[in-house]
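K.L.:
Just dropping this structure here.
The values are calculated or read from the model by the stated rules, or taken from the named source; none is laboratory data. Source: prediction; values computed, not measured. Here the Cβ positions follow ideal geometry from the backbone for every residue, glycine too, while neighbour counts run over all protein chains shown. We work out accessible area using only protein heavy atoms, side chains counted, and drop any ligands, DNA or RNA first. Shrake-Rupley method; radii C 1.70, N 1.55, O 1.52, S 1.80 Å.
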Amino acid sequence: MSRVYSNLSTIKNFNYVSPRRETFTLWMKSLVYHGNGCTVYDSNGQIVYRIDNYNIKRSKEVHLMDCNGKVLFSIRNRKVPVFGHWDGYKWSYDGVTSKEIPWFQVKKIHNVLRGDHNVNYYNVILGCNSEASYYNIIILATKSIKIVDQHGGLVAEVRQKQASSGVLFGDDVLTLVVEPHVDQSLVMALVTVCGLIHHRI
């Protein structure tokens with residue numbers, strides 16, 4: 001299989017919003033030996049995000065970290081009667097203490113009127129007040145993912161990674177494209193939810 005990336009030495013701070021469209025490589029493996037999780041590389045081959053679940057798969061709680069191991073988001077699966085959902089909490093640091101802030105909630109849209117049963121739709125509520133905004137996650141049968149805003153504009157897209165020669169990488173290597181002026185860490189948290197939905201993390 002083609003080499004993904006293996007630059008483990010870079011430890012730095014990252015800006016999670018860019019004025020340009022950014023492309024990332026998602027390797028659905030943990031850097032921890034025999035561990036479960038996900039490792040995310042930028043276009044320069046540097047690690048920017050990681051999830052390490054060690055020997056646990058299908059966990060009800062995962063933590064999205066930056067390359068230094070600082071937790072950015074915690075994601076919890078809330079199984080309630082009839083329909084469950086996923087809650088996302090953003091971590092805030094003031095140099096002395098840290099705390100979780102409720103940041104988003106993901107729920108499946110159960111609409112029997114939708115004709116295409118090969119497509120799953122999820123609603124994302126961003127914020128917990130009257131000014132909350134919305135995203136939608138569209139998961140296709142091809143395992144590709146689209147995240148769109150409340151007006152239908154593309155926010156990010158995930159698809160199987162393809163080499164410049166046209167050869168597809170394995171199922172565990174994906175490409176994430178994030179549109180300009182979008183919080184990339186939030187997008188990665190939502191992609192993490194998709195990984196939990198498909199039991200890939």
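K.L.:
Looking at region 144-170 only, could you name the residues that are touching a residue at least 40 places away in the same chain (Cβ under 8 Å) and over 14 Å from the mean Cα position of the chain (by Cα)?
P.N.:
Residues of region 144-170 that are touching a residue at least 40 places away in the same chain (Cβ under 8 Å), as a first pass: 145, 147, 158, 161, 163, 167, 169-170.
Those that are touching a residue at least 40 places away in the same chain (Cβ under 8 Å) and over 14 Å from the mean Cα position of the chain (by Cα): LYS161, ALA163, VAL167, PHE169, GLY170.
K.L.:
So in region 112-140, with the set limited to residues that are open to solvent by less than 70 Å² (accessible area, probe 1.4 Å) and assigned to a loop (DSSP other than H, G, I, E, B), which one is modelled with the lowest pLDDT? Don't jump to the end; show me each part of the working.
P.N.:
The first filter runs over region 112-140 and keeps only residues open to solvent by less than 70 Å² (accessible area, probe 1.4 Å), leaving 115, 119-127, 132-133, 135-140.
Next, only the ones that are assigned to a loop (DSSP other than H, G, I, E, B) stay: 115, 127, 132.
Working: GLY115: 59, GLY127: 81, ALA132: 72.
Step by step, filter region 112-140, then rank; the result is GLY115.
K.L.:
Please go through region 92-101 and give me each residue that is in a strand (DSSP E or B) and either modelled with pLDDT of 95 or more or open to solvent by 70 Å² or more (accessible area, probe 1.4 Å) (or both), ordered by number.
P.N.:
TYR93, LYS99
K.L.:
Select from region 160-201 the residues that are modelled with pLDDT under 95, part of a strand (DSSP E or B) and not aliphatic (A, V, I, L, M) and write down the one among them that is surrounded by the most Cβ atoms within 10 Å (Cβ to Cβ).
P.N.:
It comes out as GLN160.
K.L.:
Right, another one. Among the residues of region 52-88, which ones are modelled with pLDDT under 90, assigned to a loop (DSSP other than H, G, I, E, B) and crowded, with 16+ Cβ neighbours inside 10 Å?
P.N.:
Selection gives SER59 alone.
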